[in-house]
Amino acid sequence: MINLARRDIEHTLGKFVVTAMGVGMLLGIVLIMIGVYRGLIVEAEVLLDDINADLWIVQENTMGPFAESSRVYEDFKDIIYVMRGIDKSEAMTFQNIQLPHKDKPVRAVAVGYDIYGKISPINPNRLIEGRELKNDHYEIVVTNKSGFKLNDKIKLGRNFYTVVGVTHKSVYSNGDPLVYISLKDAQELQFLYSNKEIQNNTARGVKNSDSVLVNAIVATVKPGFNINEVANEIKKWQHKSVYTAKEQKEILTKNLVERSSKQIGLFTIILVVVSTIIIALIIYTMTLEKMKEISIMKLMGLPNSLIVSMIVKETLILGIFAFVFGNIFSHLTYDKFPKLVVLYAYDALLLFGVIVVASVLASFVGVKKVISADPAAAIGG
Amino acid sequence: MSNTAIKVQNLVKNFGKGDSLVRVIENASFEIQKGEIVALIAPSGAGKTTLLMMIGCVLEPTSGEIWLGEERVYGNKWVAKDTRKIRREKIGFIFQAHYLIPFLNIIENVTLLPQANGVSEKISKEKAMELLKYLEIDDKAYNMSSQLSGGQNQRVAIARALANNPQIILADEPTAALDGERSVSVIKMLKKIAREQNVAIITVTHDDRILPYCDKIMKIENRTIVFQDSDERII
Ligand SMILES: Nc1ncnc2c1ncn2[C@@H]1O[C@H](COP(=O)(O)OP(=O)(O)OP(=O)(O)O)[C@@H](O)[C@H]1O
Ligand SMILES: [Mg+2]
């Protein structure tokens, strides 16, 4: 049987391709939107994955250190360390800082860690230049997106820090770049009072504690121990909130990116619906343009199935072309977006399924037109 | 086996209802034999196209009876279950304009219907080439209709109408778009087809020059069918 859809498309190829490219761009935007959503999730998990701790021990009744502020004493890590089943435990700080840069300060999240400790938040795979921190003071590792380069000097507080290492793709869950400083420096920046303030406090009778604070204790569990049991043990005896890596991830994705992801999800759904409507309109006008031929075919006695299959096939081919263009478009542009865009083949496939269904739905308007077409209309009465 | 190709009895066609009722055909009865070419003449608006479309199972009559060959297709309602199948298998249509499908080439236009009837691509193409040769247009088989002249396209339209081996050809002013010489050659061709393939042909025309080539002349007068013997017939 003659492939009517193919012949018709070949006959108006240029127009068809341009139309498919237009719809394709729309689908490309859908793919980018999904990619932005995926990027949010990936970014939210970068820091957690890099630290790779089994347990997060934070201030009691808080969802710290990311969703709520949390303070625990640094030496608490030693108490954790001696508990049954604990392999390693370290103290860490997380704080928002502004790094002075040429024209405008760079907002970043500084991770403070014990450079002599056994858990490092710096994933060696991300280190593209220089090294990790070696000295207790005034060294900093930055991520390349922060705009700083190796050996740059950055003024933080009262001191200049030297960039000794550069990582890539290190971002905090909100997309801010990550920088790493020693725990001592971080504590100084976050908790240290000026001499004047200490004097004032002493005058007011407030005791300045000698103990040093951090935001969280992270720990790993020895093989063979159940992580949840160890966590419960700590909760029971130490009056702290304890989260497993999985729970911490949930806090991050649920609490921090949930609203943005819903926003993006809704936006994506609207875009898909709009694309479907646009495809439907295109198919409708394409069908209208062929009304004369369709009436003739009906008059000659061609069965509806043949004409309907032409319309449905054309819609599907349009959808497939548009999908291919959409993928090309999204792959050409995704890395130009300021925030991470992650394109998964899985998402593209899912969208493909949606487009196929949408195309078939969209072709209904054309099909309806075909079925209601009057064969006698072909010859104008 | 009867030799009757078309039999119409007490056919009535009204359009509209009540005040806007238009009576077009009233009590038309006639028969057309296989191998006959019949001219249908009447003033504009008399109901020529309406009559052809009823015989062609495109337009539903108001009442009456229609037989196509042995098959009673209409008897106050459609008797045939699938009127489109009847059109596809028994009837060839030719119109004033060629109405070829613009996105198909010539041979595809001619083979479309046979292929929809289940004839293989190879056989339908062979038959189409034969028809195109017969109509002296085979050199354009792989052109698009937009690359052909009006007369050439009309010949392709005739080939298309013949491609499904119809028992009946219904032609609505097939020569209106052609010059005198071409009109005569088309009508001669139709006559030849009627004779050689034993096909019944009704052709609507306003052109006196082609009447002599027809076996009978059918008129619509006072909303009914009357025959007039053609005075100078060419057999
Ligand atoms: N769908 C319709 N609804 C109402 N009236 C119609 C319809 N189709 C045709 N008519 C009327 O039926 C009558 C016959 O129309 P028809 O088209 O058969 O004429 P015709 O003889 O073919 O004319 P022409 O030579 O101009 O083609 C006309 O009066 C026309 O207005
Ligand atoms: Mg007419």
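Structure data summary
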quantity: DSSP-loop trypsin sites (Lys or Arg not before Pro) across the stretch B:14-53, with at most 14 other Cβ within 10 angstrom; calculated: B:Lys17
quantity: Theoretical FRET efficiency, 1/(1+(r/R0)^6), r = Cβ-Cβ of A:Glu229 and A:His331, R0 56 Å, to 0.05; calculated: 0.75
quantity: Accessible area of B:Tyr142 in the full protein assembly, 1.4 Å probe (Å², nearest 10); calculated: 140 Å²
quantity: Peptide-level mean, for B:95-105, of C-beta atoms on other protein chains within 10 Å; calculated: 6
quantity: Protein accessible area in the protein assembly as shown, 1.4 Å probe - carbon and sulfur %; calculated: 54 percent
quantity: Shape metrics for the stretch A:60-239, restricted to C-alpha atoms - Rg then Dmax, Å; calculated: 17.6, 53
quantity: Protection proxy ranking, peptides A:12-23, A:163-174, average beta carbon neighbours within 10 Å, highest first; calculated: A:163-174, A:12-23
quantity: Rounded to 10°, Cα long-axis angle of helix A:227-238 versus longest principal axis of chain A; calculated: 40 degrees
quantity: Average other protein chain Cβ within 10 Å of Cβ, residues A:369-377; calculated: 2
quantity: Helix-derived mean residue ellipticity, 222 nm - over chain B, DSSP H n ≥ 4, -39500 (n - 2.57), to 500; calculated: -9500 deg cm²/dmol
quantity: Cα principal axis extents for the stretch A:127-211, largest first, Å; calculated: 50, 27, 20
quantity: Candidate aspartates and glutamates for bridging to A:Lys149, where Cα separation is under 19 Å - those fewer than 8 sequence places away on the same chain excluded; calculated: A:Asp103, A:Glu129, A:Glu132, A:Glu139, A:Asp176
quantity: All Cα pairs of the stretch A:1-123, percent lying beyond 27 Å; calculated: 50 percent
quantity: More than 16 angstrom apart: percent of Cα pairs within the stretch B:1-44; calculated: 57 percent
quantity: Per-residue average of Cβ from other chains inside 10 Å of A:288-301; calculated: 5
quantity: Crossing angle, helix A:345-372 versus chain A [Cα axis fit, 0-90 degrees, rounded to tens]; calculated: 30 degrees
quantity: Long pairs among A:Lys369/B:Lys219; A:Lys104/A:Lys240; A:Lys102/A:Lys254; A:Lys88/A:Lys155; B:Lys48/B:Lys77, criterion Cα-Cα beyond 28 Å; calculated: A:Lys369/B:Lys219; A:Lys104/A:Lys240; A:Lys102/A:Lys254; A:Lys88/A:Lys155
quantity: Sequence of B:Val8, B:Val22 when ordered by accessible area, the most exposed leading, probe 1.4 angstrom; calculated: B:Val22, B:Val8
quantity: Share antiparallel - DSSP beta bridges, the protein assembly as shown, percent rounded to 5; calculated: 70 percent
quantity: Three-way shape call for the stretch A:246-381 based on the alpha-carbon gyration tensor, with the a/c threshold at 1.5; calculated: prolate
quantity: Chains B and A together, accessible area buried on both sides, 1.4 angstrom probe, square angstrom; calculated: 2300 Å²
quantity: Highest average packing first - B:95-105, A:328-338, A:79-89, Cβ atoms within 10 Å; calculated: B:95-105, A:79-89, A:328-338
quantity: For the stretch B:99-235: rounded, prolate or oblate by the Cα gyration tensor [a/c cutoff 1.5]; calculated: prolate
quantity: Alpha-carbon gyration tensor eigenvalues x 5, square-rooted, for chain B, Å; calculated: 29, 21, 17
quantity: Residue order for B:Arg182, A:Arg71 - accessible surface, 1.4 angstrom probe, largest first; calculated: A:Arg71, B:Arg182
quantity: Those lysines that a straight Cα-Cα span of less than 17 Å connects to A:Lys196, excepting residues fewer than 8 apart in one chain; calculated: A:Lys207
quantity: Accessible area per residue, Å², the protein assembly as shown with all protein chains present, probe 1.4 Å; calculated: 47 Å²
quantity: Residue-level accessible surface for B:His206, protein heavy atoms, 1.4 Å, Å²; calculated: 110 Å²
quantity: Reference-scaled alpha-carbon Rg (2.2 N^0.38 Å with N residues) for the protein assembly as shown; calculated: 1.66
quantity: Exposure of A:Asp78 as accessible area (Å², to 10), given a probe of 1.4 Å and all protein chains; calculated: 90 Å²
quantity: Probe 1.4 Å, all protein chains present, accessible-area order of B:Ser63, A:Ser182, largest first; calculated: B:Ser63, A:Ser182
quantity: Label-to-label distance, nm, for residues given as A:Leu281 and A:Arg158 (7 Å Cα→Cβ offset); calculated: 6.6 nm
quantity: DSSP bridge orientation in the stretch A:60-239 - percent antiparallel, rounded to nearest 5; calculated: 75 percent
quantity: Cβ-Cβ FRET estimate between A:Asp374 and A:Val324, R0 fixed at 35 Å, reported to 0.05; calculated: 0.40
quantity: Rounded to 10°, Cα long-axis angle of helix A:195-204 versus longest principal axis of chain A; calculated: 70 degrees
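The values are calculated or read from the model by the stated rules, or taken from the named source; none is laboratory data. Keep in mind the model is a prediction, meaning the values are calculated, not measured. Heads up, the Cβs are rebuilt from the backbone with ideal geometry, glycines too, and the neighbour counts pull from every protein chain shown. SASA here: full protein model, heavy atoms, side chains in, ligands and nucleic acids out. Shrake-Rupley method; radii C 1.70, N 1.55, O 1.52, S 1.80 Å.
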